[in-house]
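Asks: Take a look at the following structure, please.
The values are calculated or read from the model by the stated rules, or taken from the named source; none is laboratory data. Bear in mind that the values here come from a model prediction, so they are computed numbers and not experimental data. Note that we place each Cβ from the backbone using ideal geometry, even for glycine, and neighbour counts take in every protein chain shown. Ligands, DNA and RNA are stripped out before the accessible areas are found, and what is left, the full protein with its side chains, is counted by its heavy atoms. Shrake-Rupley method; radii C 1.70, N 1.55, O 1.52, S 1.80 Å.
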Amino acid sequence: MIRVPAPLQAVDLVKVFGDRTVLDGVSLTAAPGRRVGLIGENGAGKSTLLRLLAGTEAPDAGTVSRPADLGFGEQELPYPGTATLGEVMADAVREARAALRDLDELADRLAADADDPELLHRYGEVLDWCTEHDVWDAERRAEVVLDGLGLAGIGPDRRLDGMSGGQRGRLGLAALLVRRPSALLLDEPTNHLDDAAAAFLEEQLRGLPGVVVVASHDRAFLDAVCTDLVDLDPAVGGPTRYGGGYTDYQVERRAERARWEQRYLDEQEELSRLRRAVDHTARQVAPHDRPPRDNDGFIYAFKGARVQQAVSRQVRNARRRLDELARDQVRRPPAPLRFHATLGTGAAPGTVVALRGVHVPGRLHLDHLDLGATDRLLVTGANGTGKSTLLAVLAGVLEPVEGDVRRRRGLRVGLLAQDTSFARPDRTALAVYTEHLGEERAAARPLAELGLIAPRDLNRAVGELSVGQRRRLDLALLVADAPQLLLLDEPTNHLSPALADELEDALADAPAAVVVASHDRWLRRRWSGRELELRESPLRVGAR
């Protein structure tokens, strides 16, 4: 009988960094064959949880039970820079080769003594391990994986310190896929993959018999691979597990949000009714307002006191119910990180930007491009084909060597570049926002109301914010400026899947021209506007 791989289990994990609790009582169970995706806002603890599961970092409380055969896709390969691609892959198949040697040796020994129970037991264990890890196919698998991840063109003698960061990351993935560990932990594995390599990785992960736990912002990847998603975002009340991939998660989250909002509204209506009842009842007086007759003064006073006691009892009961409901009421649904303000301010109909014969040597060659006031244009192409250059030309921050760029007079242009940087990292997010807009405009459109920066982060220094948080601040500055032409370079980079969804919804409704350059497969699959594909060669191409 084939041995069933062991599950991965974490119970009540707590991790504190300084005065900040990143994980507070997180539990997770992943059985063999389950592929669990970790999602949530930046800083929710996805990478921290992976390190605790892998055992590279110890929790402050809680326990982890993991298979002995665990693979963790760390940021840097655990090899010296002088190691070669061939040496890394040889190490990846080392266990498979050793297991096959053990199996052959045990088979020879069994041929001489087939009745030895210990020998039979050991042979069964090794055979199970070989079957689970598919060791007979390891050598061929190494070639297939290198090709699938775009590394087939790199010679086996290429040293790690002679590779790019993306190549080293793909090599690390390749080594893990060849090993086929019983539990595989990956942190943003598609960051350096093109579409073909990402699709290959998805197929490989779906074929693993053991546990897979992956932290990712890649919505297409999550949808293609995961059997379960765990949302670590505290805004939804801590870790919440959802069955299915990202599409299923979206459906359930929307339904969950609708139920929460309805419960909150119903309870607020009940609270208002009770407050009105308390106020009305407290002002009630005895219903008999006629003066007492000569001989019934005592009865009148007695009845009046009885009425007042009843009224007081009703007030007390209503107040007690009001206090209980107010104390235990459903928490107000937190405002999602989204654009509450109108994104962009529309320009008059017609062309807002026109490009003719634009040439930036070695970077961009474009025959023509016209953008209307409400156009939606998606710019795609491999790295180095000129996507960022095109956006810079449209924004006016880069002048082409040749060609003509015409913009409508007074056009307000907003550019979200890939690299987010601020001149004064010591200033708070709120101070940067106020300085950028001016006090009057910042007061009219408060940063907190845009929903892009959490209230707890408004007064933190920009330099202390995560990459994703700085990215959201950059988006906030862009939204508040209300541009008529929005230029977004890889806008979903470093954003949580939920915020990326909200950004796309906001872009769809923006009364402005929108140009997006993106590798995001989820965004590209759902794009309904025009597309412009740039190619590596200086191909003269227009928008289609």
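Asks: Restricting the search to region 414-434, which residues are within 15 Å of LEU478 (Cβ to Cβ) and among the polar types (S, T, N, Q)?
Replies: Those that are within 15 Å of LEU478 (Cβ to Cβ) and among the polar types (S, T, N, Q): GLN418, THR420, SER421.
Asks: Mind listing whichever residues of region 375-424 are surrounded by 17 or more Cβ atoms within 10 Å (Cβ to Cβ), closer than 27 Å to LEU447 by Cα and not aromatic (Phe, Trp, Tyr)?
Replies: ARG376, LEU391, ALA392, ALA395, VAL413, GLY414, LEU415, LEU416, THR420
Asks: Further question: I need the full set of residues from region 507-528 which are part of a loop (DSSP other than H, G, I, E, B), open to solvent by less than 60 Å² (accessible area, probe 1.4 Å) and at pLDDT below 90, in order please.
Replies: Of everything in region 507-528, those that are part of a loop (DSSP other than H, G, I, E, B), open to solvent by less than 60 Å² (accessible area, probe 1.4 Å) and at pLDDT below 90 turn out to be ALA510, PRO511, ALA512.
Asks: Among the residues of region 450-480, write down those that are of a type in the set (A, V, I, L, M), closer than 15 Å to ALA498 by Cα and either in contact (Cβ under 8 Å) with a residue 60 or more places away in the chain or surrounded by fewer than 20 Cβ atoms within 10 Å (Cβ to Cβ) (or both).
Replies: LEU452, ALA454
Asks: Kindly indicate the residue of region 94-123 that is within 27 Å of LEU177 (Cβ to Cβ) and of a type outside the set (A, V, I, L, M, F, W, C) and also most open to solvent (accessible area, probe 1.4 Å) among those meeting that condition.
Replies: Taking region 94-123 first, the residues within 27 Å of LEU177 (Cβ to Cβ) are 94-104.
Within this subset, residues satisfying the condition of being of a type outside the set (A, V, I, L, M, F, W, C) are 94-95, 97, 101-102, 104.
Numbers: ARG94: 130, GLU95: 71, ARG97: 100, ARG101: 146, ASP102: 63, ASP104: 97 Å².
Across region 94-123, the extreme among qualifying residues is ARG101.
Asks: Hey, another quick one. Within region 425-438, is even one residue polar (S, T, N, Q), within 28 Å of LEU364 (Cα to Cα) and open to solvent by 20 Å² or more (accessible area, probe 1.4 Å)?
Replies: no
Asks: Would you say VAL432 is free of Cβ contacts under 8 Å to residues at least 60 places away in the same chain, part of a loop (DSSP other than H, G, I, E, B) and over 24 Å from the mean Cα position of the chain (by Cα)?
Replies: No, not satisfied.
Asks: State which residue pairs qualify: first residue surrounded by fewer than 19 Cβ atoms within 10 Å (Cβ to Cβ) and inside region 124-151, second residue assigned to a helix (DSSP H, G or I) and of a type in the set (Lys, Arg) in any location, beta carbons under 9 Å apart, and separation of 6 or more residues or different chains.
Replies: Listed pairs, sorted by first residue: ASP134/ARG141; GLU139/ARG97; GLY150/ARG170.
Asks: Say whether the condition of being within 16 Å of the chain's Cα centre (by Cα) and either farther than 22 Å from GLY381 by Cα or of a type in the set (Val, Ile, Thr) (or both) is met by at least one residue in region 510-525.
Replies: no
Asks: Taking the residues in region 341-358 that are more than 34 Å from the chain's Cα centre (by Cα) and outside any strand (DSSP E or B) as candidates, determine which candidate is modelled with the lowest pLDDT.
Replies: ALA348
Asks: Shifting gears a bit: Give the residue that is surrounded by the fewest Cβ atoms within 10 Å (Cβ to Cβ), with candidates limited to residues of region 152-162 that are in a loop (DSSP other than H, G, I, E, B) and either among the polar types (S, T, N, Q) or touching a residue at least 60 places away in the same chain (Cβ under 8 Å) (or both).
Replies: GLY155
Asks: Test each condition in (1) over 16 Å from ARG34 (Cα atoms); (2) crowded, with 22+ Cβ neighbours inside 10 Å; (3) not acidic (Asp, Glu) for ARG180 and report the one that comes out false.
Replies: (1)
Asks: Quick check: is even one residue across region 355-373 touching a Phe, Trp or Tyr at 6+ places or on another chain (Cβ under 8 Å), touching a residue at least 24 places away in the same chain (Cβ under 8 Å) and open to solvent by 10 Å² or more (accessible area, probe 1.4 Å)?
Replies: no
Asks: Which condition does LEU447 not pass, out of (1) open to solvent by 10 Å² or more (accessible area, probe 1.4 Å); (2) over 23 Å from LEU222 (Cβ atoms), if it passes all the others?
Replies: (1)
Asks: Also: Within region 198-208, can one find any residue that is among the aliphatic types (A, V, I, L, M), buried (at least 18 other Cβ atoms within 10 Å of the Cβ), modelled with pLDDT of 95 or more and closer than 24 Å to SER65 by Cβ?
Replies: Yes: one or more hits.
Asks: Looking at region 69-93 only, could you name the residues that are part of a helix (DSSP H, G or I), aliphatic (A, V, I, L, M) and either within 20 Å of ALA54 (Cβ to Cβ) or open to solvent by 80 Å² or more (accessible area, probe 1.4 Å) (or both)?
Replies: Selection gives VAL88, ALA92.
Asks: Still on this structure, please answer the following. Could we say that LEU487 is in contact with a strand residue (DSSP E or B) (Cβ under 7 Å, 6 or more places away or on another chain), open to solvent by less than 10 Å² (accessible area, probe 1.4 Å) and at pLDDT 85 or above here?
Replies: Yes: the conditions hold for LEU487.
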